[in-house]
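Please read the structure below before turning to the comments.
The values are calculated or read from the model by the stated rules, or taken from the named source; none is laboratory data. Because the structure is a prediction, the values reported are computed rather than measured. Counting neighbours? That spans all protein chains shown, and the Cβs are built from the backbone with ideal geometry, glycine included. Heads up: the accessible areas ignore ligands, DNA and RNA and are worked out on the full protein's heavy atoms, side chains in. Shrake-Rupley method; radii C 1.70, N 1.55, O 1.52, S 1.80 Å.
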Amino acid sequence: MGEVSCYFQVGEEDLWNPSNSVARVFLGQADVLSRLVGQDSGLGPIVEDECELEFSTFVNFVDSLVKTYQDSNNRALRSLIGGFISVAMVLVERGGGELQSISSEYADMWAEVRETHARSMPTG
């Protein structure tokens with residue numbers, strides 16, 4: 001049986017259309033990382049192949065992860081959360097959000113990984 005797609009949406013706008021397996025991994029990571037930073041992720045469950053985002057909550061969550069990454073000198077932690085942040089930044093950008101905690105020291109790195117991931121994240 002083929003892989004079914006899932007849509008991450010804000011209202012009626014599709015921000016990302018990953019396979020269900022990729023969506024489940026992303027949501028699982030969000031759940032764990034929300035406990036790390038003590039914030040709700042803003043991501044709902046997959047219902048009928050759609051996942052609603054409470055966008056402002058999601059942006060605040062991703063912003064907290066960016067700050068955690070930038071404030072840490074633990075390479076293992078950075079590696080574990082960096083991939084999630086890179087994908088999440090694409091959703092923030094597509095939804096018209098802005099991350100306040102990106103420091104000038106990391107701005108080019110985040111822009112590069114966001115652009116790289118965006119090319120491989122279909123919207124429909």
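Electrostatic bookkeeping for Val90 treats Lys and Arg as +1 and Asp and Glu as -1; over the other residues with beta carbon under 14 Å from its beta carbon, the sum is -3. Ordered by 1.4 Å accessible area with all protein chains kept, Asp71, Asp31, Asp63 run largest first as Asp71, Asp31, Asp63. Looking at region 64-124, the GluC sites (Glu not before Pro) that sit in a DSSP loop and have at most 16 other Cβ atoms within 10 Å of their own Cβ are Glu98, Glu105.
Would you mind calculating the relative contact order of the chain from Cα pairs under 8 angstrom and at least 6 residues apart, reporting the percent as a whole number?
28
The slack in the chain from Thr123 to Gln100, taken as 0.36 nm per residue of separation less the alpha-carbon distance, amounts to 5.8 nm. At full extension, Glu52 and Asn73 could sit 4.2 nm farther apart than now, given 0.36 nm per residue minus the alpha carbon distance. Charge tally around Asp31: other residues with Cβ under 12 Å, Lys/Arg +1 each, Asp/Glu -1 each, net +1.
Loop-located trypsin sites (Lys or Arg not before Pro) in region 84-119 (DSSP state not H, G, I, E or B) with no more than 10 neighbouring Cβ atoms inside 10 Å: Arg119.
So, counting K/R as plus one and D/E as minus one, what does the shell of residues with Cβ under 14 Å around Leu65 add up to?
That works out to 0.
Protein heavy-atom surface of the chain, 1.4 angstrom probe: 48% of the accessible area is carbon and sulfur, with nucleic acids and ligands not counted.
For the chain, what does -39500 (n - 2.57) per DSSP helix run (n ≥ 4), summed and divided by total residues, give at 222 nm, in deg cm²/dmol to the nearest 500?
Result for the chain: -18000 deg cm²/dmol, rounded to the nearest 500.
Roughly speaking, what % of Cα-Cα pairs in region 20-124 are separated by over 17 Å, rounded to a whole number? Cα-Cα pairs in region 20-124 separated by more than 17 Å: 50 percent. Taking every protein chain into account, the accessible area of region 1-66 amounts to 52 square angstrom per residue (probe 1.4 Å).
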